[in-house]
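Input: a single structure, listed below in structure tokens.
Just so you know, all these numbers are worked out from the coordinates, no wet-lab data involved. What you are looking at is a predicted structure, and each value in this text was computed from that prediction instead of being measured. Using ideal geometry, Cβ is built from the backbone for each residue, glycine included, and neighbour counts are taken over all protein chains shown.
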Amino acid sequence: MRFLTPLRRLSDWVNQAAIVLCVACVLVMLGISFTAFTYKLFTGSSLSWTYSLARLFLPWIGFLSMTISLRYGEHVAMTLLVRTLPRALLKLAAALCLGVIALFGALLLWYGWGYFESARQVYMVSDQIQVSAKFTAVVLPLSGAIILLHLVQGFALLEHFLDDETIIEELIDAGDGEKRS
């Protein structure tokens with residue numbers, strides 16, 4: 001499957017871009033919060049717009065970090081249950097897990113796009129600062145698309161599903177030699 005190699009490289013590149021964007025959002029939030037703190041420290045009064053502006057970055061941080069954790073296999077897993085499964089059920093569980101992830105990504109893309117298109121509100125951060133709701137809404141379909149793109153990594157997404165040291169295929173091979181009583 002030679003067509004998967006460029007898609008996997010694209011998935012890696014998109015993941016790196018998501019990391020950079022997520023870090024940038026955190027730094028911007030911290031910068032806004034530090035500005036508010038410094039202003040209050042020196043003047044004794046508060047800036048009205050800092051809290052409202054800073055919280056607009058939370059959806060970006062949350063949804064992008066979700067795609068990053070998926071790419072590195074750092075999602076919730078039921079390790080003990082999966083370790084007790086025979087080979088056929090282990091493959092089925094892994095495939096079902098990828099299927100559920102695909103469904104979630106597709107729903108996020110589909111409904112997120114509808115939400116983005118219908119977002120007409122304007123967040124009144126202050127009298128001078130107005131931010132369209134599309135700024136926060138666009139992260140939903142974007143995250144869904146990234147999740148679907150990461151699925152080209154296949155079982156590599158589930159490396160940490162079982163153990164930090166063992167990938168699924170190694171566990172399947174090791175399970176073939178075991179005798180259960």
Checklist entry - With the Cα gyration tensor of segment 28-152 giving a ≥ b ≥ c as the square roots of its eigenvalues, does the rule (a/c under 1.5 for rounded; else a/b larger than b/c for prolate; else oblate) give rounded, prolate or oblate? => result oblate
Item to check | Zone residues, segment 45-71, relative to Arg8, backbone N less than 14 Å from point 7 Å out along Cα-to-Cβ | outcome: none
Checklist entry - Spin-label point model (7 Å from Cα, Cβ direction): what's the Arg55 to Leu85 distance in nm? => result 4.0 nm
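Full-extension gain between Val20 and Glu74, please, as 0.36 nm times their residue separation minus the C-alpha to C-alpha distance. Write down the numbers at each step before the final one.
Details: separation 54, 0.36 × 54 = 19.44 nm, distance 1.82 nm.
Full-extension gain reported as 17.6 nm.
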Checklist entry - What full-extension length gain, to one decimal in nm, is calculated for Leu103 and Gln128 as 0.36 nm per residue of separation minus the Cα-Cα distance? => result 4.9 nm
Checklist entry - Residues with beta-carbon under 14 Å from that of Arg9, excluding Arg9: net charge, scoring Lys, Arg +1 and Asp, Glu -1? => result +2
Next on the checklist: Which one, Thr35, Ser126, Ala106, is farthest towards the positive end of the dipole of segment 1-130 when Lys and Arg carry +1 and Asp and Glu -1 on their Cβ?
Outcome noted: Ala106
